[in-house]
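Visitor: Here you go, one structure.
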Amino acid sequence: MPPGVQKVHKFIEYPQELALSPNWLARSQELPKLRNAKYRLESVIYHHGEQASGGHYTCDLRRSKDEWLRFDDVDITSLESVNDVLCEKKDRAAYILFYTICN
């Protein structure tokens, strides 16, 4: 195994809607407003490749309530459902998840 950064090849499940415990939030004047906040998945950036030092990146993006798009360089395709975003993929790993507050 070469030295340096290593890619972890383990699927970690992530939800379409996320609720965070108030204990995970920084203490601020905003905390009461965020105490029961829910967050909605908006986008996932994926890394394709065996090594962390190289590979390819693609993105799934929520365009509207029930519409998801996949961006791969100049190719943009429509996904059948959010399940295409949430399921495990053999050829890529979720790298960055983007959530927005939804309440």
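Visitor: Any idea of the accessible area per residue across the chain, 1.4 Å probe, to the nearest Å²?
Guide: 75
Visitor: Accessible area of the chain with a 1.4 Å probe: how many percent of it is carbon plus sulfur?
Guide: Percent of accessible area from carbon and sulfur atoms in the chain: 53.
Visitor: At a threshold of 8 angstrom on Cα-Cα distance, excluding pairs fewer than six apart, so keeping six or more, what relative contact order does the range 27-103 reach in percent?
Guide: 39
Visitor: Students often get this wrong, so check it: of 10/65; 7/90; 38/65; 7/89; 10/89, which have C-alpha atoms separated by over 19 Å?
Guide: The pairs that break the limit, which is 19 Å between Cα atoms, are 10/65.
Visitor: Longest segment of the chain with no GluC sites (Glu not before Pro) in a DSSP loop having at most 15 other Cβ atoms within 10 Å?
Guide: Here the longest run is 51-79.
Visitor: Something else: Would you calculate the volume per residue, in Å³, of the smallest convex hull containing every Cα atom of the chain?
Guide: That works out to 140 Å³ per residue.
Visitor: Does a label point 7 Å from the Cα of residue 25, set along Cα-to-beta-carbon, have any residues of the range 72-103 with amide nitrogen under 18 Å, and which are they?
Guide: 99-103
Visitor: Nearest 0.05, what FRET efficiency do residue 10 and residue 59 give at R0 = 22 Å with Cβ-Cβ as r?
Guide: It comes to 0.60.
Visitor: Further, regarding this structure: Based on DSSP H runs of at least 4 residues, each adding -39500 (n - 2.57), what is the mean residue ellipticity at 222 nm of the chain after dividing by all its residues, to the nearest 500 deg cm²/dmol?
Guide: So the calculated ellipticity at 222 nm is -1000 deg cm²/dmol.
The values are calculated or read from the model by the stated rules, or taken from the named source; none is laboratory data. Keep in mind it's a predicted model, so treat the numbers as computed, not measured. Heads up, the Cβs are rebuilt from the backbone with ideal geometry, glycines too, and the neighbour counts pull from every protein chain shown. Accessible surface is based on the protein model in full, side chains and every heavy atom, while ligands, DNA and RNA are left aside. Shrake-Rupley method; radii C 1.70, N 1.55, O 1.52, S 1.80 Å.
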